[in-house]
Amino acid sequence: MDLAFLHPLYEQPGPWASVYVDTSRQAEGTAHEIRLTAQAMARELGRQGADEATCRAVEHAIDEMRHSPDPHGRALFARAGRVVLDPPLARPPRGDSWAEWAPLPRVGPLLELAGEDPVSIVAYVDRRGADFELRSALGSKEAGTVVGQQWPIHRTSSVDWSERHFQLKVENTWEHNAAEIADALSVCQEETQADLLILVGDERERREVRRRLPKRLHDRVVEATRGAGSRLLDEDVERIRTEHVHRRLEDELDRFRAARAPDDEGRAGAAEG
C-alpha cells in the first residue's frame with residue numbers, strides 16, 4: 001500500500017481522534033443510524049478527554065455521510081477542531097463503529113481495512129497485435145489497440161530449404177509486433193500509472209512481449225494462461241490482482257525484517273513497537 005496519503009497525520013502534533021465508522025448495513029433507516037453514530041462517536045471522544053471543537057468536527061463529518069454513505073465505511077482522523085483525513089474503507093470495521101482519543105493517530109486498522117486496489121492493464125496479445133483493457137475497482141474500459149505488421153504471420157509447413165527466407169520473415173514479423181506491443185504497453189502504463197500488467201495470450205507471444213518491456217516494469221508483469229482468443233473473467237482478474245498485492249506485501253515485510261537487523265555500527269534501518 002502506498003502510505004503517502006498518511007503524511008498529514010505526522011506533520012501535526014497530537015492528541016488525535018481516530019474514528020472508524022461502519023456504514024455497510026444499508027437500509028431505509030441508514031440516515032437515522034448514521035446520525036445516531038455521529039452523536040455516539042462524539043460522546044465517546046468527549047468521555048475520553050477530547051476537546052469540544054474536535055468532537056463537534058467529528059460529529060459533523062459523520063453526520064454528512066447521511067447524504068452519500070460509503071458502501072463499507074470511513075476512517076476519520078481529527079485534531080484541534082478539524083478533520084484532517086477521512087479515507088474510505090474497503091471493508092467494514094470489525095465489530096462496529098468505534099472511536100479513540102490518543103497522543104498518536106490509530107492508523108494500524110487502516111492497513112487492513114483500506115485494502116489495496118491495484119489499477120491493472122490486461123493486454124490480450126497475439127501475433128498481429130494487442131488489445132489493452134484497464135481494470136480497477138470502478139470496472140473495466142478499453143485502453144488502446146496495437147496493430148502490428150500483418151504479413152507474413154504463419155510459418156509454412158514445408159521443410160524445403162527454399163522456404164528458409166520466408167521463415168525468417170515470419171520470425172521478423174513476430175519480433176517486430178512484440179516490440180510494438182511492448183512499447184505501447186509501456187506508454188499506456190505511464191499514462192495510467194497502472195500497478196499491474198497482465199499479459200494474456202500464447203506462451204511464446206507473452207514471453208516475447210515481456211522480454212521487451214522496460215526493466216522498471218518487470219516486477220509488475222503477470223502472465224495469464226488463457227488462450228489468445230479468450231477474455232479473462234472478472235474473477236480471474238480479481239484473483240491475479242489479489243495475488244499481486246499479497247506478493248508485494250510479502251516483499252515489503254521481507255525488507256522490513258531485513259532492515260531491523262543492526263549494521264556493523266549498531267544502526268538499524270527500521271524499528272517496531
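What follows draws every value from the coordinates through simple rules; no lab data is involved. Remember, predicted model here, so these are calculated numbers, not experimental data. All Cβ positions, even for glycine, are placed from backbone atoms using ideal geometry, and neighbour counts span all protein chains on display.
With the simple spin-label model, which puts each label point 7 Å out from Cα in the Cβ direction, the Ala40 to Gln12 separation comes to 2.7 nm.
Overall dimensions of the stretch 17-62, expressed as equivalent-ellipsoid semi-axes from the Cα gyration tensor (√(5λ), whole Å, largest first), are 21, 9, 8. Between Arg247 and Ala259, the contour length at 0.36 nm per residue exceeds the alpha carbon distance by 2.5 nm.
Inverting the pair-averaged 1/r between distinct Cα atoms of the stretch 1-98 gives 13.6 Å as its Kirkwood hydrodynamic radius. Each other residue within a Cβ distance under 14 Å of Val209 adds +1 if Lys or Arg and -1 if Asp or Glu, for a net charge of -1.
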